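Notes follow once the structure below has been shown.
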Amino acid sequence: MERHYHFIVASEYQGYTAGAYLERHLLDFNAGKIRKMFYDKLVLVNKEIAEPHQRLYSEDKIEVALSEAHEDYVPKPPELEILFENADFLVVNKPSGIPVVPERWVPGSPFKKSLWNYFAQTGQECDPRIVHRIDKETSGAVVVAKTHDMKRYLGKLFEDGKLYKEYTALVAGTPPANGRIELSIAQASKHSSRMTVSEFGKHAVTNYEVVEMFRDFALLKVTIETGRTHQIRVHMAANGYPLAVDSLYGYRSALLLSELKRGYQPKKNQPERPLISRLTLHAHRIAFPLPGQEEPFAVEAPLPKDFQLLLKMLRKYRSHGAVPADLPEEAMAAGLPQEEPPQETV
């Protein structure tokens, strides 16, 4: 039985290397296996044998075919960073690009496979129970129950609004210093994944405050009182401040250094590689009460490197002044070298 993978390179991935692109899209294989695919000449770009370091252009066609003879290529679930774990639940720092629940058009669940792999490695016999979800392209803290009782307990907290969820968001525009958005949300149409503000929708409340301004961008701390699909994305866009990168509700699928740095030119004969090419939204902090404990449980998920690098470039080329002293420590991190930006459902 052959396994075939076909991709058409979207504009936000223009400038990525073929190897980096497949590392982001073939989540069942580690970097070593993907490098071996190139060595074995199994990767084609526009019907020609590809090299791992060749740059991609928008609309390039990538093909990978693995036959039964290629038994070396055993799918491996992506590794997950565990932020906290006890006998009843764990909190995962989910990377961008991994769906929490299976997608209709993709067999299996990479997120659950990774959890089962982790439990097997640590000698645990339990079936992970997803308590809540965040969008595939959103990174950050996700709670997973390890027992039926804990899933039921946490589910009740979500239902009663007793679970605190805080997000870090970068939006386009200059919103007021703080705000409360209370707009009902409904599915745009029966066959669409897009949501929209509607008087016939479900009640939704989003609160935000500006942490830092960058002329035409703003870094926000966002908390939600409800958990509607795409809530933050829909609410911010409806108020004129969409996420800086959001192809569904905003107007960008990626953010380039040339948009921030005046006169910047990429290396000769090479397309510009994005600073970030996924939602500028991160589930930063989650907190909730636990039975028998006076203080609520709380955990924070560090910002990913691509988000860190984006903030570094904004502070350098779009800052109004000094960085506020009360910014999260991870938001102050240096990120990766400027010349080579990283590859990287609310």
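Rule-based calculations on the coordinates, nothing more; no lab input. These figures come from a predicted structure and were not determined experimentally. Every residue, glycine among them, receives a Cβ derived from its backbone with ideal geometry; neighbour counts consider all protein chains shown.
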(message) Could you tell me the relative contact order of the stretch 3-66? Use alpha-carbon pairs under 8 Å, at least six residues apart, and round to a whole percent.
(response) 53 percent
(request) Determine the gain in length on full extension of the stretch residue 269-residue 48; use 0.36 nm per residue of separation and subtract their C-alpha separation, reporting nm with one decimal. (result) 77.6 nm
(request) With a 10 Å radius around each residue's Cβ, average the other Cβ atoms per peptide and rank 114-124, 211-221, highest first. (result) 211-221, 114-124
(request) Give the residue from 82, 248, 275 lying farthest towards the positive end of the charge dipole for the chain; charges sit on Cβ (+1 for Lys and Arg, -1 for Asp and Glu) and the dipole is referred to the Cα centre. (result) 248
(request) Using just the helices of the chain, give the 222 nm mean residue ellipticity in deg cm²/dmol: DSSP H runs with n ≥ 4 each add -39,500 (n - 2.57), and the total is spread over all residues, rounded to 500. (result) -5500 deg cm²/dmol
(request) Between residue 262 and residue 11, take the C-beta separation as r, use R0 = 30 Å, and let me know the FRET efficiency to the nearest 0.05. (result) 0.85
(message) Could you tell me the calculated FRET efficiency between residue 295 and residue 116, based on Cβ-Cβ distance and R0 = 45 angstrom, to the nearest 0.05?
(response) 0.90
(message) Starting from 0.36 nm per residue, how many nanometres of slack lie between residue 180 and residue 127 once their C-alpha separation is accounted for?
(response) 15.3 nm
(message) What does the charge count around residue 217 come to, taking other residues whose C-beta lies under 14 Å from its C-beta (Lys +1, Arg +1, Asp -1, Glu -1)?
(response) +3
(message) Students often check this: by mean Cβ neighbours within 10 Å, which of 17-26, 175-184 ranks highest, and how do the rest follow?
(response) 17-26, 175-184
(request) Round to the nearest 0.05 the FRET efficiency obtained for residue 3 and residue 81 when R0 = 45 Å and r is the Cβ-Cβ distance. (result) 0.95
(message) For Rg and Dmax of the Cα atoms in Å, one of (1) 31.2, 114; (2) 20.9, 63; (3) 22.6, 73 was computed from the structure I shared and the rest are decoys. Which label?
(response) (2)
(request) List, in order, the whole-Hz ³J(HN,Hα) value for each residue of the stretch 266-272 obtained from phi through the Karplus relation with A = 6.51, B = -1.76, C = 1.60 and θ = phi - 60°; use x for Gly and Pro. (result) x, 4, 4, 6, 10, x, 6
